[in-house]
Amino acid sequence: MTTAAATRPSTDSSPTRVPWAALIALAGIGFVLLSAETMPAGLLPLMAHDLDTGEGVIGQFISVWALGTVLVTVPAITYTRGMRRKPLLLMTLGCLVLANVVTAISSDVVVSLVSRFAGGAFTGILWGMLAAYGRRISPANRGGLALAVVSTGAPVGFALGTPLGAWVGGVLDWRWSFAGLSLLGLVLLVVIALIVPDVPGQAAGERLPLLRVFLLRGVPIVLAVIFVWMLGHNTIYTYIAPFLRDSGSGLGADLVLLVYGVASIGGVVLTAALIDRYPRPLLRASIAGFVVAAVLLVVGHGSPAVVLVSAALWGVTFGGAAPQLQSALTLAGGANSDLANAFLPVAFNLAIFAAGLVGALLLGVSGGLVLAVFMAVLGLAALALTLAGRHSFAH
């Protein structure tokens, strides 16, 4: 199979129009993935009471999900590179729905933890596929836009999915939250089967070994930016409640995270409008804005207005991080973009894991306000990496 054949849709012609419906369906997968991963956070007391265990054990429902992603994603993507993308996408999404159903009906904590680990593993495979899939079914000159649309699902999951799941759990039962998400997954399964075009897998002659893909020009530096930026973000995001408690602003985490979540959707829209024309300036401006938001939290932490403005700026600047960095990885990976993108959820989840440990350490030593300082410092480090590795990012 030639390189051209390996990188275009199975229609044997390059697409000329943006397949909006197909891209929105793929974005729906992102919504399900993010909501499923974080759902236990909003249902912690309800699940602990029903399963007759401690809240700390339920907290591990998120940890084992991340562990499944970290351990399985890269080898799974490596060994499925030759498969046609649509059958693999449908099979993996179906397995994710099944794992989520097991979580919804299980009354055994061990079984539930195993189902969560499996869900994380399937999630990693899907994250590794979505970026390249969206670009390959779209016109070449609209690849950034396609990726931004596909990436919309994650911030919407942050903004709406987890809070909605918590509300459903409070009104009905926590199991209905997982059941509803499973039903949405099934609907997406049918829609994708009907409207999303298939694309071929990668030709055997183009499959580079794992280490060579990791060392492709641009891949290591992009992964470093992902880890550092995500660590700076997630440390304060995870521990936003103690930060606000120590800030003296009087604001609750629910309002601040709502402002952040809605603004992050705006960040994706802004990214969609600019990423195809100004990818490198957009990335640098986003990280610089993230640093400004952190500085505002440091100097104005006692003012409710300043904190809310900071949360909005934080959301706008970090909301587009995923499509911007996925686009950079996709371009750096070239024909091996699926495998290159498989490193992204690993880097994200390693940062999430590290954020829990680092945040707890910082809180124990200095209290919540230091989290904003840490956010600013790591934001500056991420910005420095983009400047040092300027040739690794598209102009």
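The values are calculated or read from the model by the stated rules, or taken from the named source; none is laboratory data. All of these numbers come straight from a predicted model, not from anything done at the bench. Here the Cβ positions follow ideal geometry from the backbone for every residue, glycine too, while neighbour counts run over all protein chains shown. Just the protein is used for accessible areas: all its heavy atoms, side chains included, with ligands, DNA and RNA removed. Shrake-Rupley method; radii C 1.70, N 1.55, O 1.52, S 1.80 Å.
Here are the numbers for the structure shown:
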{"quantity": "Whole-percent carbon and sulfur share, accessible surface of region 50-132, 1.4 Å", "calculated": "72 percent"}
{"quantity": "14 Å reach of a label modelled at ALA360, 7 Å along Cα-to-Cβ, counting backbone N of region 29-59", "calculated": "55-59"}
{"quantity": "Solvent-accessible area per residue for the chain (1.4 angstrom probe, square angstrom)", "calculated": "39 Å²"}
{"quantity": "For the chain: rounded, prolate or oblate by the Cα gyration tensor [a/c cutoff 1.5]", "calculated": "oblate"}
{"quantity": "Residue-averaged [θ]222 nm for the chain, counting only DSSP H segments that reach four residues, each worth -39500 (n - 2.57)", "calculated": "-26000 deg cm²/dmol"}
{"quantity": "Excluding exposed DSSP-loop trypsin sites (Lys or Arg not before Pro) (at most 15 other C-beta within 10 Å), longest clean stretch of the chain", "calculated": "85-216"}
{"quantity": "Cα gyration tensor category, rounded, prolate or oblate, for region 237-395 with a/c compared to 1.5", "calculated": "prolate"}
{"quantity": "Projected label distance in nm at LEU183 and CYS95, using a 7 Å step from Cα toward the beta-carbon", "calculated": "2.7 nm"}
{"quantity": "Pairwise FRET efficiency - ARG245 versus ALA41, Cβ, R0 = 25 Å, nearest 0.05", "calculated": "0.90"}
{"quantity": "Point-to-point label distance, VAL18-TYR79, nm (Cα→Cβ direction, 7 Å offset)", "calculated": "3.8 nm"}
{"quantity": "Chain lengthening between ALA288 and ALA305 when straightened (0.36 nm per residue, less Cα-Cα)", "calculated": "4.0 nm"}
{"quantity": "Linear extension gain, VAL190 paired with ARG277, 0.36 nm per residue minus alpha-carbon span", "calculated": "27.9 nm"}
{"quantity": "Percent accessible area from carbon and sulfur atoms, region 244-395, protein chains only, probe 1.4 Å", "calculated": "75 percent"}
